[in-house]
Each structure stands twice: as C-alpha cells, then as structure tokens.
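The next block holds one structure in the form of structure tokens; read it before the comments.
Just so you know, all these numbers are worked out from the coordinates, no wet-lab data involved. Worth saying up front: this structure is predicted, and the values here are computed from it rather than measured. Here the Cβ positions follow ideal geometry from the backbone for every residue, glycine too, while neighbour counts run over all protein chains shown.
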Amino acid sequence: MLKMTNIKKIFRTDLVETHALRNFSLEVNEGEFVAVTGPSGSGKTTFLNITGMLETFNSGTYMLDDKDVSQLNDNQRSKLRNEKIGFIFQSFNLIPDLNLFDNVDVPLRYRGFSAKERKQRIENALERVGLSARMKHLPSQLSGGQQQRVAIARALAGEPLFLLADEPTGNLDSLMARQVMQLLEEINQQGTTIIMVTHDAELARRAQRNIHIVDGQVSDYQQLQPVLDAQEESEKVAEIAKA
Amino acid sequence: MLSYYLKLSWLSIKRTPILTSLMIVAIGLGIGVSMTVLTVNYMMDKDPIPEKSHQLYHVQLYTYGKGHSNSNTEDQFPVQLTYPDAMNIHHSNVPLRKTRSLSTGFSVIPESADSPPFIESARAIDHQFFDMFKVPFLFGATWDAEIDQSPREVVVINTELNDQLFNGENSVGRTLNLGTVSYTIVGVISSWQPAPKFYDLNNGNFNDSESIFIPFSLLPIHEIPSWGNNNGWKNENVNSYQDKLASEIMWNQYWVELPNEEIKFAYLQWIEGYISEQQKIGRFQHEKAGVSLKNVVQWMKTNQVVPSDNSILVGLSFMFLAVCMINTIGLLLAKFLQRAPEVGVRRALGASRSQIFIQHLVDVSLIGVLGGLLGLALGQLGLLGVKTLYTSYSQLVHMDLTLIVLAIAIALGASITAGMYPAWLICRTNPSVYLKIQ
Amino acid sequence: MFEIKPILSALLRHKSSTLLIILQIAITFAVVVNGTSIIKQRMDLMSRDTGLVNDKLITLNINSFGKNSDQESNIRADLELLRSLPGVVDAAPMNQIPLSGSGDSSGVAVSQEAHDNQEVTGAGMYRGDSHMLNTLGVKLVAGRLFSEDEVTYTSERPDVKALIITQSLADNLFPNGDALGKLLYFGGGIQVPIVGIVEHMSGSWVSWSSFDNNVLMPMVQLQNFRRYLIRAEDKQAANHLLGEVEKLLIERNRERVVTGVRSMDELIERAYSDDSAMMTILWIVVILLVLITALGIVGIVSFNVNQRIKQIGTRRALGATKADILRYFVTENLLITSLGLFVGIMMTVGFNVFLADQFEMPEFNWALIPIGTLIMFVIGIVSVWLPAQRASKVSPAIATQSI
C-alpha cells in the first residue's frame, strides 16, 4: 500500500546541509496501526511531510497505492492526498471561521462530490466521532478533545486509505488524550490504516508496530502483531461506509 | 467550486475588515479618480454623429495671397471661408447635401410689451442643414429650397425658445421679431445639443446650440452680423457690410455631405476647377492654393477638442491608479501571509496549488468588484465636481453603460493583476511549515 | 546609533514588500512634484498683474436694435448718464475689454516694408474715447493721453491720428527704448504715431502669446453692438452698480438689450476658470495620493510589526529600550523612503522631460525637488510613527511565551 525505498531528503541553506532522511525505507500494509517515534530532530516530521506528499525528496522511491509519487505533478499529488490520506495534527488545525460542518466539508469540496453526497458523508463522519449534534458550532466553542474529534471526522469523511496523525494527543490532557486514542483504535479496528508520529512511548506501545527513527534512519524494526488479512479488512471498510 | 471560493472570500473579508476596507478604498479611489478623468476625455472625444461623421465634410480653401500664411492651424489652411467663396461653391451640385453657415445673434422682441427684449444666439444656414446634421423637428419643417436663392424672412426655432415664447404650442405660422425685422416661423426643432458642437468648433467647443435658424440668403438683405471670428489678411477698405461681403475676410463656414469616395473625388475635382477659374481673375495666388475636406472626426482633431490638460490628467490618473494598485499588492501580501496557516491545512487536505491560487484570485476579484463599485460612486462624485469646475462641460459629463462596464473591468483587471503575485506567493509556500504548530 | 546593517538585511529578507513601498514612494513623489509644478505654473499665470484697477471695474454689452440713426448721440448720452452716477469715477465706450476672451487683434510693424514682409507683431486693438485710459486705470509712463478732439466717432474705416501702446509692445518693436513719437504701420499705407506708453495692460486672451502687447486708439465705432467699461470709486460702489446699471441704461433708451453685466474680477475668474479647475483637480489628486501612500505605509509597517512581535519581544528581553525599537522602525522607514525618493527623482526628471516634450510646458521648477523630498520624509515618519509606537510597547515577556 505504501512503500518507501532509500528515501533521501537534504535541507540546504547557504551554510549548512542537513540530512533529514538518509536511505530511509519503510513499508506499511493495509489495516496496520504504525507508530513512528524518535527524538526531536530525528526526521519524524520530515517523514510525515514526505508521506503526506507535502514535501518532495531528493532521491529514492515512494510508491503510494501503486503510484510512483516522484513522477506526479502538484495537481496529481494533491488529488492523491485528497483521496488517499487523512491528516490529523497536534494542534487540530481546524479552520477557525468555519463551523464543524464546513470544516469537515473542506476535503470533500476539493474532491468534487455533489452537495448531496457531501452532506451525507459529513453527517456520517461527525456521527462516527459523536459530534453530529454540534454541526453548526465553531471550533472555538469546543474543548480540545472535541476539536481533535472533529479533525478526525474531517480526515475520515473522504474514506482515505490511511490516516496520518502527527502527535494527535500532544495538546490534550490525559483524559481527553485517552478518549482520542480510543477513537483512533476503534477506527483502526474498523479497517483504516493509521500512521501516527509521536514522541510518547506509552502511546506508541498501543500500536501494532513501532518504528523508531534516529538521525533520519529507521533504527529498530519490530512487528508486534501479525497483520490482519488485507482482503477481510477492505470488506469491513465497505460495510462501515454503507452504515 | 466558484460559489465555494466566493463563500470563503466573504468569510475572509469578514475576518480582516480593516485590511480589506483599506484595499477597497485604495482601489475605489484609484478607479474613482481615473474614471472621472477618463469620462471627461471619452465624452469630449466621442463621435457626436457616428452614422455620418465620415460623410460630413468641412470645406477649407487656401485663399491667402502670395507671402501670407496662417500659423494658427497645423496645415495652415484658414478655418473659414470668404463670403464670395461660400456663395460660389454653393453652386456645385456634386454634394448630396450642402450648407453655408454663420454664427450670429439677435435681440428677440416678444409680442407682449410686458416681456423685455432679450438676446439669443442664432445661425444663418441653408435649408438642408437640418437633414445633414440629423436635427429632429417637433413642429413644421425646414424652409423651401427656393428660399436659399430668393430669400424670405422665415425662421426655425428650438423647443426651448418655443416654450419661452409660445408656451410650447405649435408656433408654426406665427411671427418672431428679431430686432426690427419680423420672421415667420416654419418649424420648431426638438432639443438638439451635440457635444462637442462639431458643426462650429470656432466659438466654444462645448457651447450651447443656437435657438434660432434663419436662411443664409438673408445675409446681404438684413446685414446679418457675424458673432464668430472674422479673419483678414489683405489690406482692403472695408467700410460697410457690402464691402465685407465682397472682401477677402474669412467669416463663413461650409459643410457638405459626400456619401462615398467617388462623390468626394468628384467634389474635389469640382473645387479644383473652381480654384483655377478664380486664379484667372487674380485670386488664390499662393503656391499652396487648394482645398481641404475634413470629416467630423478629422475636424475635431484639427480643433483639438480634447484640451492638452486632459491628456496630462489622464497620465496622472493612471499613475494614481498604479500607486493604488501597488498599495493593494502590499496589503494583499500582508493579508494572504496572515492566512498561510489555513492554506497549509487546505493543502494537507488535498487542495492543489492551482486551487489555492484560484481561491485567492477569487478573493481579490471580490475586493476588486467592491472597489470598482466604490470607484463608480466616487467617480460620480468626481464628475459632479467636474461639472461645478467646468461649467461649459456640464452637459457632457455623465457615465454611460460602456463607461460603467469599463470601470468595473478596470477594477477587476487591475486587482487581479495586483493579486497575481501575492496569490502565486501563497500557493507556492511550503504548507508543512504552518502545520506543526499553529 | 543607527543600526543600518541589521535593518538592511531584514529589508533584503522582505524584498517584495520593501520594493513595493519604494515603488509607491517613487511614483507618489513623481506625481506630487510634477502636479505641484503645474499648480505653481498656473498660480503664476493667474496672479499676473493686469495693470488695471481690477476690483473697481465693471463692464457690460449693449445690443441696440431700433432705428440707430443717431448712435453717436446715444453713446454720448449713455456715458453722460454713467459718469454722473454716484460712486462712478469714469466710464468709456470700448470695442473690447481686457480678459474678456473676445476682441480684435492685428499685426503691427515698424515700417511699411516690414509689414509687407510679414514681419509683424500681434497686438490687441483697443478702441475707445478719451476717457478710456482713466477708466481702465492703466499707468502712463511716457508721452501723453488722448485729447478730446482726437476721438473719432465712425462706422467706417477711421482716420486714427494717435496711438498709445503698452511698454511690452514698445520693447518688442523698439528694443532701443525710443518708441515714443515713432510710427506704427498697419498695412495698406496706414501709419499712426505713438504718442504715449502705458506701463502695463493685459490683453483679452489669457493664453495668447501677445497677451501683453496692446494698442489703444482714440476712436468709437458706431455699431449695434458695443461695450462700456465703468470705473467705480471702490469695490462696494462697483458691486452696487452691478445691480443697477442695466435698469438705468434701459430706462434711458428701451430699444436695446443689455447683457454681460460683469465685474472685472468675474471676467478674470472666467478667463482662468480652466486653469483654476486644473489646479483644484491636481490638488485633490496630490492630496489623495499622499493619503493613500501614507495609509499604505501604515498598513505594511503594521503588518511587519505583527510579524516580528516575537523578535521585538526578544530584543526587548535582551535589553533594547522602547526608544531603540522605535528608532529601528523609523530608521528602516527612512532608509526605504530614501531609496524610493532616489527612484522618484529619476522618474520625475524623466516624466518632466516627456511632459515638456508633449505639451510645451513651461520650464520645470527644480526647487520643488528638495521641497517634495522633505515632504515625503515627513509623510514617511508620520505614517511609520503609529505602528512603530505600537511595536515599542511590545512586552519583553512575549519572548518567553510560545504562541
């Protein structure tokens, strides 16, 4: 589903060259819940940005859903991102002037769905995170945990191939963090692949697989649980969408 | 998608009301100032009779003697004709229509003794004048063709004078006293106010049209005075009106209607024939002796209907607009950069660069249209100001549909141009920078 | 204590917004200076001395239509009436009135031969009776006035025996200063001696190159149309006459229409109406433009301050005083303004060369460049002050907060 081989990313300024990722390789399969950890400056964020196609890389190959990302132009990458990836951020990144409905609507607008389908999807997504009653509220009227749930609904509404979560509980107190984590696990069990970047070892332990990045390379590659049968997984996703 | 972008633009305007108002004011002022100036220019330069402007010709003859010249016009042709020339070329039957023309005026003496006499400007012309210049009649019609040869005291007045003297009733057949002479009214014309007053650009380009029209053939009989220019070059003893009629003084105007190039060519030949005939009796002795036919558009250009002050103002107003636009670019940069985090989110959620670019251009266009509307309002205010400043232009300063559309188009075009760079900049920024911490 | 180097490097990092302000200041400067230059030219034009007693003069037109068998006695009776009115100093019949925009002109020469060779100078021809000079209020600097018996009343080509000309025309025709007593040639064998010279008298057309070249003749034309000029004791008396004179003249003889009763001040206003309108428009353009530019600077500096709040806080935390911060922004603005003005001066010169080329403009007033520079600096400092003040109030505590 996602396969990175020998990715290299170098940041250049006039004076210094920083190797953010060097010979980075990783494969993620459908249905997995992968936690990516590492000290700050290790290249976690660069990994996340490259995975989300927000940044390009210098060499190596990145295959996403059988497409070679380095061969795509901005329009194609944006389309792919829009259809295949759901983003969740540490600071939620809800758009402050849009109400919950309109926030969830953002990726669907770029997808080009009809008004009717968008409405259906938004309502389903908000229902899934338990916030359908507050559709007309502005983000500022919600607690942090609720805001993150909206962000998750926004990421899910387009039925992406996987969720890309960047410290999803970093800005939350422990109770809310636990709730959000539970929600993510639930979503994963219902079949959506999740890649989560975190520095919280405890949180990472709850994922099926942990990847540790140090100095732009995977330092430790371990599998905690066998991967579910991919075929079975996709059927489940289809069922959820119908519901 | 457009409606979505418009909705987002509206939200963004609501979020940055001060910055947005500054931009709208900047664009509005730029458009307001340049539209005011452009309107005056456009109206002055406008073809006053588009259907016929290329068929109506003003006739000029180079009648100077040897060694004399005229530095007032570019081609040195005198602006007006002598009376003998106006009379002689009137014999040509080549033109479809033709008229002699002289600016004059009278004391109008009302019938009732209570109303005091008053002065009105008038024009001495031939019967085809009204047809040539498409002057509409309210009552009656022009006088008979034969009156141009055998004069009688007939007159056409305009509706304003008719209102004043006859309460707007059909006054055809009634009497009008001009000085000591009584004239019979044969027609009343509707309001007719060409701007510029193309048929006589010697006496104020934007003066009012005359209210009284009498046959040119009456000139020698009632010694109709000239209210326009009288230019002489020759030393002649001009002691009486009859002397003036026979002199080389240039004080008459002449217009012909030549519907096509063939007729124009034939007419030029006729006139050249006339000139060589005159040369035999000692006139037209200058080496440049000849004829110049200028159509309405050329005649307006020759007479510099648009003053040079206006060209300076057009230049300045476009520089003004440029400053307003540069200002707007600066403000847009500020506004868009403030929004960079949101753009980052949108990019992460799948918006492509071109979608972000278009969204921001829509944003700018909305501001542009609002600025354009403000500019139109300011432009109207500006025109009101121009009317009070230049009383003689008052009738021609108004915006027509073309100008209104032009104003919005300039506002839109200018603001989109201004928005290009900021929009390009914002759609190129790396979204990941704004996603980590907001 | 100006820290130019860090400012420069900061400016280089914000290339586009710096460039925009520079461009804006440059164009504004060019427009303001050229606009003011035109305004100044028009002002000079309008404040030219007319040589007349402007505020005491009123003029009117007479259009008679009756049987004018005896126009001469009619004119004499009119003038007798006018001169006898209380508050009137003098009155004269004239064929044209200075600054009225209509009248007669002719080419004059210093010899018959010169006239035949077209070596003529254009001059306004003012005809009136012996009261004409006193009524106009022009100052005789040489020679004598017209005597009563020199004045001819005629409808035909007159036999003029004496002329008074303006100093300007005298200097034009006789550069050696010996005009008095010389003959002036009008062509066709007409030659008339110059008996007097007046210091100055404006002509009828304000934009005519021979505006100051005028000839006065002792002659009254007998026509249906004529003009009278009346000199009152003072402005008040003139204003009073404006309302009265038409009625009095019509009462004396009803077979005519009186039009164009105007004060000389009004004639002057009308003569320069296009110039004063141009001045008004230019003032508006200049003021609006300065305002827009000032607002633009306020907007962009405010934005810069907002962007650099954290940096400002850090500087404060590291010991910069409020005055240091204020000085930073003001210096930055002075730097930008200077660059803008440099470009602006270039543009102004270029623009002016173009304008002068296209529209035959009078010489550009170079003194406006330093004045304009000063004004632009003041505008720059005034508009940077408010946002800079705000920047200086940023709390040093911001440095330690994460926003």
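Listing for the model above:
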item: For segment B:34-51 and segment C:259-300, distance of Cα centres in Å; result: 21 Å
item: Normalised alpha carbon radius of gyration of chain B [divisor 2.2 N^0.38 Å]; result: 1.38
item: Taking all pairs of distinct alpha-carbon atoms in segment B:182-275, Kirkwood radius in angstrom; result: 16.7 Å
item: Area projected by the alpha carbon convex hull of chain A, averaged over all directions, nm²; result: 13.6 nm²
item: Computed magnitude of the charge dipole of segment C:1-71 (debye, nearest 20; Cβ of K, R +1, Cβ of D, E -1); result: 380 debye
item: Cubic angstrom per residue, convex hull over Cα atoms of segment C:66-254; result: 123 Å³
item: Residue exposure sequence - C:Met347, A:Met4 - by fewest surrounding Cβ within 10 Å; result: C:Met347, A:Met4
item: Unit charges on C-beta of K, R, D, E only; dipole of segment C:1-159, Debye; result: 1540 debye
item: Mean ellipticity per residue at 222 nm, deg cm²/dmol - from DSSP H runs of n ≥ 4 across chain B, formula -39500 (n - 2.57); result: -15500 deg cm²/dmol
item: Tilt relative to chain A, helix A:174-189 - C-alpha long axis, 0 to 90 degrees, to 10; result: 90 degrees
item: DSSP beta bridge pairing in the protein assembly as shown, given as percent antiparallel to the nearest 5; result: 70 percent
item: Charged-residue dipole, Cβ positions (Lys, Arg, Asp, Glu), chain C about Cα centre, Debye nearest 20; result: 2960 debye
item: Fully extended contour minus Cα-Cα distance, from B:Lys52 to B:Gln279, at 0.36 nm per residue; result: 78.4 nm
item: Calculated FRET value between B:Ser191 and C:Ser207, using beta carbons and R₀ = 30 Å, to 0.05; result: 0.40
item: Bins of 5 Å, starting at 0 and running to the largest distance - Cα pair percent for segment B:287-412; result: 2, 8, 11, 15, 14, 11, 9, 8, 6, 5, 4, 3, 2, 1, 1, 0, 0
item: Coil-residue trypsin sites (Lys or Arg not before Pro) of segment B:29-89, DSSP, other Cβ within 10 Å capped at 13; result: B:Lys66
item: Distance histogram in 10 Å bins (all Cα pairs of segment B:10-153, percent per bin); result: 8, 20, 24, 18, 12, 9, 7, 3, 0
item: Between segment B:135-184 and segment A:35-74, the Cα center-to-center distance that results, in Å; result: 92 Å
item: Principal-axis tilt of helix B:261-280 within chain B, Cα atoms, nearest 10 degrees; result: 40 degrees
item: Descending Cα extents along the principal axes, segment A:1-139, whole Å; result: 50, 31, 30
item: Candidate lysines - alpha carbon under 18 Å from B:Lys134, same-chain residues fewer than 8 apart omitted; result: B:Lys46, B:Lys52, B:Lys98, B:Lys197
item: Computed over segment B:63-289, the ratio Rg/Rh where both radii use C-alpha atoms and Rh is Kirkwood; result: 0.98
item: Segment B:3-46 shape via C-alpha gyration tensor axes, a/c threshold 1.5; result: oblate
item: Simple label model, 7 Å out from Cα along Cβ direction - A:Ile10 to B:Asp400, nm; result: 6.7 nm
item: Space enclosed by the convex hull of the alpha-carbon atoms of segment C:226-349, per residue, Å³; result: 213 Å³
item: Spread of Cα-to-Cα distances over 10 Å intervals beginning at zero, given as percent, for segment B:252-344; result: 12, 21, 18, 12, 11, 10, 9, 5, 2, 0
item: Spherically averaged projected area in nm², based on the convex hull that wraps the Cα atoms of segment C:1-76; result: 12.7 nm²
item: Packing-based exposure ordering (other Cβ within 10 Å, fewest first) of C:Glu332, C:Glu148, C:Glu246; result: C:Glu148, C:Glu246, C:Glu332
item: Calculated FRET efficiency for the pair B:Ser308/B:Ile263, C-beta based, R₀ 51 Å, to 0.05; result: 0.90
item: FRET efficiency, B:Glu160 to C:Tyr153 (Cβ-Cβ, R0 60 Å, nearest 0.05); result: 0.95
item: Along each principal axis, Cα extent of segment C:168-288, largest first, Å; result: 54, 48, 30
item: Rg to Rh, two decimals, where segment B:61-105 supplies the alpha carbon set and Rh follows Kirkwood; result: 1.03
item: Label-point gap, in nm, between A:Asp66 and B:Gln149 - each point 7 angstrom along Cα→Cβ; result: 10.0 nm
item: Distance-filtered residues of segment B:341-364 - backbone nitrogen under 19 Å, label point 7 angstrom along B:Trp10 Cα→Cβ; result: B:359-364
item: Unit Cα scatterers, Debye sum, chain C: log10 I(q)/I(0) for q = 0.08, 0.10 Å⁻¹; result: -0.63, -0.77
item: Degrees separating the helix B:17-45 axis from the principal Cα axis of chain B, which is the longest one; result: 20 degrees
item: Loop trypsin sites (Lys or Arg not before Pro), segment A:85-143 (other Cβ atoms within 10 Å of the site Cβ: 16 or fewer; DSSP); result: A:Lys136
item: Within segment B:63-289, percent of DSSP bridges classed antiparallel, to nearest 5; result: 75 percent
item: Listed residues B:Leu425, B:Leu11, B:Leu349, most fluctuating in chain B (Gaussian network, C-alpha, under 10 Å); result: B:Leu349
item: Using distinct alpha-carbon pairs, which all enter the 1/r mean, Kirkwood radius of the protein assembly as shown in Å; result: 36.5 Å
item: Kyte-Doolittle at least 0.0, axis length at least 18 Å by Cα - qualifying DSSP helices, chain C; result: C:15-46, C:273-307, C:322-359, C:368-392
item: Ranked list, fewest to most other Cβ atoms within 10 Å of each Cβ, for C:Met125, B:Met23; result: C:Met125, B:Met23
item: Ratio of Rg to Rh over segment C:304-378 (Cα coordinates, Kirkwood Rh, two decimals); result: 1.26
item: Partners for C:Lys235 among lysines (Cα-Cα distance below 27 Å; same-chain residues under 8 apart left out); result: C:Lys56, C:Lys139, C:Lys247
item: Percent of beta bridges antiparallel (DSSP, segment C:66-254, rounded to nearest 5); result: 65 percent
item: For segment C:1-140, alpha-carbon Rg and Dmax in angstrom; result: 29.7, 93
item: Distance from segment C:1-43 to segment B:83-125 (C-alpha centre basis), Å; result: 60 Å
